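Heads up: the structure comes next, in structure tokens.
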Amino acid sequence: MAVDMKQLIAETLTGLLERKSVDKITVKELVETCGISRQAFYYHFQDIMDVIEWTAAQALQKAVDLSLAASTPQEALETLILFLRKDRKLIQHLMGSQQRAEIERLLVQSARAYLSAMIRARAASLSASPQTLETAIHFYSYGLVGMMMETLDEERDAAVLSKQFYGLVTGSLWDGPEAS
């Protein structure tokens, strides 16, 4: 059976990241741990951050697929929250590195792609203009990432958190008895 080299490299890096900071991992260490040549690594990736971006893209696709299988947008958000919490230690480890700004950019970019995919899949007829929709996606991407970073360690119920976030997104948070 053929080995998926990109997957092997990504899984090996993920394993290394559980034990040490991304700042301390070198391509040399990664290829030695994988048992591959530097040439094989550079055939597939430019550098360590490229591996992280590819891994994030793969995880994003899984999150989108799982969310699309949810019956409601609120369930889709809950699925995303649970998906991210599963990798909370890895995310926190990456956020503690010197690459924090790059990781934050990647998380927001992933959130934008996720929200865009959810909107395209679930909203057949939106009354918002493309510019308004893009502004909303931008705003909610930062909000989603900020909330997730803030609550990764908390044991808040994912269903409650998704309901609250959904209420913010839809404006229904202000429609209930708490609005007065």
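No value in this document is a laboratory result; all are computed from the given coordinates. It should be emphasised that the depicted structure is a prediction, and the values quoted were computed from it without experimental measurement. Neighbour counts are summed over all protein chains in view; Cβ atoms, including those assigned to glycine, are modelled from backbone coordinates with ideal geometry.
In whole Å and largest first, what semi-axes does the C-alpha gyration tensor of segment 1-141 yield when each eigenvalue is scaled by 5 and square-rooted?
Working: eigenvalues 206, 51, 41 Å².
Its equivalent ellipsoid spans semi-axes of 32, 16, 14 Å.
Grab the DSSP H runs of the chain that are 4 residues or longer, score each as -39,500 (n - 2.57), total them, divide by all residues and round the 222 nm result to the nearest 500 deg cm²/dmol.
Details: 9 runs with 129 residues, N = 180.
After summing the helix terms and dividing by residue count, I get -23000 deg cm²/dmol.
What is the packing order of peptides 73-82, 18-27, taking the mean over residues of other C-beta atoms within 10 Å and listing the highest first?
Values: 73-82: 20.1, 18-27: 13.4.
Order by mean packing, descending: 73-82, 18-27.
Identify all lysines with a Cα-Cα distance to Lys86 below 20 Å; exclude those on the same chain that are fewer than 8 residues away in sequence.
Reachable lysines: Lys20, Lys62, Lys163.
When every alpha-carbon pair in segment 1-66 is counted, what percent end up more than 19 Å apart?
On the way: 632 of 2145 pairs.
Of all Cα-Cα pairs in segment 1-66, 29 percent lie more than 19 Å apart.
Once you've got the GNM for the chain with C-alpha springs shorter than 10 Å, pick whichever of Ser37, Ser110, Ser97 has the biggest mean-square fluctuation.
Looking only at Ser37, Ser110, Ser97, the largest GNM fluctuation is found for Ser37.
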